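Right, one structure below, let's go through it.
The values are calculated or read from the model by the stated rules, or taken from the named source; none is laboratory data. As the structure is a computational prediction, the values presented were derived from the model and not from experiment. Here the Cβ positions follow ideal geometry from the backbone for every residue, glycine too, while neighbour counts run over all protein chains shown. Ligands, DNA and RNA are stripped out before the accessible areas are found, and what is left, the full protein with its side chains, is counted by its heavy atoms. Shrake-Rupley method; radii C 1.70, N 1.55, O 1.52, S 1.80 Å.
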Amino acid sequence: MYPKGGLLTFRAGCGSARAYSRPAVKAREPFRPTRCKSGADGIVRMEEGRGRAAHLLPAAQILPRRYGFGVFSMAAETKHERWMRLALALAARGRGRTSPNPVVGAVIVRDGEVVGEGYHERAGTPHAEIHALHMAGERARGAVLYVNLEPCCHFGRTPPCTEAILAAGIAEVHMAMLDPNPRVNGRGRARLEEAGVRTIVGELEEEARELNEAFTTYITIGRPFVIAKFAASLDGKIATRTGHSRWISGEEARCRVHELRDTVDAILVGADTVIADDPLLTTRLPGRECRHPLRIVADSRGRVPTEARIFEPALPGRTLVAATPAFPSERRAALEARGVEVLVLPADPQGRVDPVALLETLGRREVTSLLLEGGGTLLEAFFRAGLVDKVLAFIAPLIIGGRESPTAVAGEGFARLEEAVRLERVRVERVGEDILVSGYPRRGRKAPEETPCLPD
């Protein structure tokens, strides 16, 4: 059984913790210590004593994260939501590894017991349903399948999961959401129902949509899901007037950023950021296998020195420079000699890289998610173009001040409040000593007349 309530101490993604759970049926007994492991996949693994199977709980269920503590409860959940939440947690284990595919988890339940489970590990490998069916074997016949995304019904890199489900004799399928892929959308469900399998859609749909928000954007409009991330002081500064910026945010917030890098396909920074900070933009999570996303530098005219650390051939992963036809040919040859690709894109009227053209090109390369890591001019260009899909703002408890101190979003700013970017579905979370404010830009705002462009 899952623990019905309790207190959990943890540092998500940065190690292990100890949880204390109190079963509802023994509410008067002392808390039992339970080992807990947390990782960047957003999963907390609860192990209730020896000989019992470990259960996976999504980190989003542990609310609020405050001073390293979290309170969780599953008492109000139905049995179907309980199994669907397990499917979501399994799916989250594939984040950053399945692109351009979605992350999917599957759980097969028979007579109230999990007989099969699995998740999609990498593109081109068996889907979550196949792993779960193989684990269940003959016990899948007449059982119930829980999956966070509608099973596929077409031949892609792997055969359709619907046919495997039917062959295994699954009697009922619960899907958190339909697949937004136009090749599937509703067709997988229809195929199962035509064959006599009962289907239910919508349990924990909001959580499922957020888990695959990058895939949904990519598969429906053909470009990456864009996340704008920045760390700023309480007064909105990202550095002092002398350019000193290390470190505005604390260790826990920086750890969270590396967890984020571990899940995205690409990172984009402007030329000024590379010139000022000389970053590596690698993923650093000690003791764990890390994924290093594609590093992209927006450098229209070749201002970044070829000796910058981001161009080091020994760095894990790949680096790309987004340039315009004005990029010097000799600089391009020098970078390509170091293994750096120079991608020449159309220039806007100001001679800078067009962000729309960049996103379209990345989409064609099957990049499903893009993290904007700075600086202020880059963020302003994407905000002004209406290309930001999600905002992650780490706010540190300090005041920097100064008219010349750079702000998180630079440029001239919006002239009227109705043009400003307002967030919805806002969350506020404590991360160490910092505050993380996250949300999604509201669509349909009045657009400014200026033409957006990337920094030089």
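In region 213-262, what count of residues is obtained for those that are among the hydroxyl-bearing types (S, T, Y) and closer than 19 Å to V409 by Cα?
Looking only at that region, the number is 5.
Does V321 count as outside any helix (DSSP H, G or I) and free of Cβ contacts under 8 Å to residues at least 24 places away in the same chain?
no
Being touching a helix residue (DSSP H, G or I) at 6+ places or on another chain (Cβ under 6 Å), closer than 25 Å to P100 by Cα and either among the charged types (D, E, K, R) or touching a residue at least 40 places away in the same chain (Cβ under 8 Å) (or both): is that true of L268 here?
no
Considering only residues that are under 22 Å from H154 (Cα atoms), open to solvent by 40 Å² or more (accessible area, probe 1.4 Å) and within 23 Å of the chain's Cα centre (by Cα), which ones fall in region 192-212?
R209
Need the failing condition index for T282 against (1) in a loop (DSSP other than H, G, I, E, B); (2) over 26 Å from G96 (Cα atoms), just the number.
The failed condition is (2).
When V342 is evaluated against the numbered criteria (1) assigned to a loop (DSSP other than H, G, I, E, B); (2) in contact with a Lys or Arg (Cβ under 9 Å, 6 or more places away or on another chain); (3) over 27 Å from S245 (Cβ atoms), which criterion, by number, is the only one it fails?
Here V342 clears every test but (1).
Could you list all residues from region 412-434 that are closer than 14 Å to G236 by Cα and without any contact (Cβ under 8 Å) to a residue 40 or more places away in the chain?
Scanning region 412-434 gives a single hit, G413.
Across region 213-246, which residue is most open to solvent (accessible area, probe 1.4 Å) among those that are farther than 21 Å from G96 by Cβ and among the charged types (D, E, K, R)?
Taking the candidates together, the pick is R241.
Pull up region 285-312, narrow it to residues that are part of a loop (DSSP other than H, G, I, E, B) and aliphatic (A, V, I, L, M), then point me to the one that is farthest from R246 (Cα to Cα).
Here the answer is V304.
Would you mention how many residues in region 357-382 are out of contact with any helix residue (DSSP H, G or I) (no Cβ under 7 Å at 6 or more places or on another chain), open to solvent by 20 Å² or more (accessible area, probe 1.4 Å) and either part of a helix (DSSP H, G or I) or under 26 Å from L436 (Cα atoms) (or both)?
4
S405 passes all but one of (1) at pLDDT below 95; (2) surrounded by 14 or more Cβ atoms within 10 Å (Cβ to Cβ); (3) farther than 18 Å from T273 by Cβ; (4) among the small types (G, A, S); which number fails?
The failed condition is (3).
What about I238, is it over 27 Å from S369 (Cα atoms) and in contact (Cβ under 8 Å) with a residue 60 or more places away in the chain?
Judged against the criteria, I238 is not a match.
Considering only region 228-254, how many residues are in a loop (DSSP other than H, G, I, E, B) and either within 25 Å of the chain's Cα centre (by Cα) or over 21 Å from G439 (Cα atoms) (or both)?
Adding up the residues that qualify gives 14.
Out of R284, R301, R288, R241, which single residue is in contact with a Gly (Cβ under 6 Å, 6 or more places away or on another chain) and either under 28 Å from R425 (Cα atoms) or basic (K, R) (or both)?
R241
Among the residues of region 434-456 satisfying the criterion of being over 30 Å from R301 (Cβ atoms) and surrounded by 14 or more Cβ atoms within 10 Å (Cβ to Cβ), which is modelled with the lowest pLDDT?
R445
Give R295, R284, R331 a once-over and let me know the one that is at pLDDT 90 or above, within 26 Å of the chain's Cα centre (by Cα) and buried (at least 16 other Cβ atoms within 10 Å of the Cβ).
Result: R295 is the single residue among R295, R284, R331 that is at pLDDT 90 or above, within 26 Å of the chain's Cα centre (by Cα) and buried (at least 16 other Cβ atoms within 10 Å of the Cβ).
Could you list, in sequence order, the residues of region 219-267 that are farther than 20 Å from R403 by Cα and among the small types (G, A, S)?
G222, A228, S249, G250, A253, A266, listed by residue number.
Restricting to strands (runs of 3 or more DSSP E) lying wholly in region 100-155: which have 3 or more residues that are among the aliphatic types (A, V, I, L, M) and either open to solvent by 10 Å² or more (accessible area, probe 1.4 Å) or touching a residue at least 24 places away in the same chain (Cβ under 8 Å) (or both)?
Correct list: 105-110, 144-147.
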